[in-house]
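This report refers to the structure that appears directly beneath it.
The values are calculated or read from the model by the stated rules, or taken from the named source; none is laboratory data. Just so it is clear, the model here is predicted, and its values are computed rather than measured. Note that we place each Cβ from the backbone using ideal geometry, even for glycine, and neighbour counts take in every protein chain shown.
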Amino acid sequence: MAFDLFINASEQDHILAQFYVADCYYLGLGTSENKSLAFKYYEKVANKDYAIGQLSTGSCYSNGYGINKEPKLSFYWYEKAANNGNIVGMCNLGTYYKIGEGVEKDIDKAIYWYKKAAEQGYEYAQKRLEELM
């Protein structure tokens, strides 16, 4: 029932409904699990500059959910999310810079992004930052 309402609202270009449709497909809530459709909806939302959609799109590219793994595209979407204020995206950028995933390894940039997320209260980023200091 809720899934059908989300679909109807998403067809009216409601961005949050489109994100919920993506989550429903991703998790199989109210519909069959379908990572490919989840990715398509996440990407649609990401292209509308919605940070959590950008983070989710990056995660799909990172893990190969509904799309082939593409570290550079994962980095691209995490960077968009981070620049839109998403602290998980910031932390993920820190990790990518730390290990050189999808981008050239750069410990200074890793520290920058971990610190930025940690300053906003993200404990996981604080722990990663402490490991580098």
Quiz item: Which one is farthest from LEU37 (Cα to Cα), of the residues in the range 65-110 that are small (Gly, Ala, Ser) and part of a helix (DSSP H, G or I)?
Solution: ALA110
Practice problem: Report, by residue number, each residue of the range 90-133 that is in contact with a Ser or Thr (Cβ under 9 Å, 6 or more places away or on another chain) and among the hydrophobic types (A, V, I, L, M, F, W, C). | Solution: ALA110, TRP113
Quiz item: Does the range 119-133 hold any residues that are farther than 29 Å from LYS44 by Cα and not in a loop (DSSP other than H, G, I, E, B), and which are they?
Solution: GLU123, GLN126, LYS127, ARG128, LEU129, GLU130, GLU131, LEU132
Quiz item: Within the range 1-64, which helices (runs of 4 or more DSSP H) (wholly inside it) include 3 or more residues that are over 21 Å from ASN92 (Cα atoms) and touching a Lys or Arg at 6+ places or on another chain (Cβ under 8 Å)?
Solution: 15-27
Quiz item: Within the range 38-57, how many residues turn out to be hydrophobic (A, V, I, L, M, F, W, C) and in contact with a Ser or Thr (Cβ under 6 Å, 6 or more places away or on another chain)?
Solution: 1
Quiz prompt | Single match in ASN83, ASN92 (criterion: under 18 Å from the mean Cα position of the chain (by Cα) and surrounded by 17 or more Cβ atoms within 10 Å (Cβ to Cβ)) | solution = ASN92
Quiz item: Quick one: is LYS44 modelled with pLDDT of 95 or more and either surrounded by fewer than 18 Cβ atoms within 10 Å (Cβ to Cβ) or out of contact with any helix residue (DSSP H, G or I) (no Cβ under 7 Å at 6 or more places or on another chain) (or both)?
Solution: no
Quiz item: Considering PHE75, PHE19, PHE3, PHE39, which residue is surrounded by fewer than 16 Cβ atoms within 10 Å (Cβ to Cβ) and in contact with a helix residue (DSSP H, G or I) (Cβ under 6 Å, 6 or more places away or on another chain)?
Solution: PHE3
Exercise. Please identify the pairs in which a residue from the range 70-95 that is under 13 Å from ALA46 (Cα atoms) has its Cβ atom under 6 Å from the Cβ atom of a residue that is assigned to a loop (DSSP other than H, G, I, E, B), counting only partners at least 6 apart or on another chain.
Key: SER74/GLY102
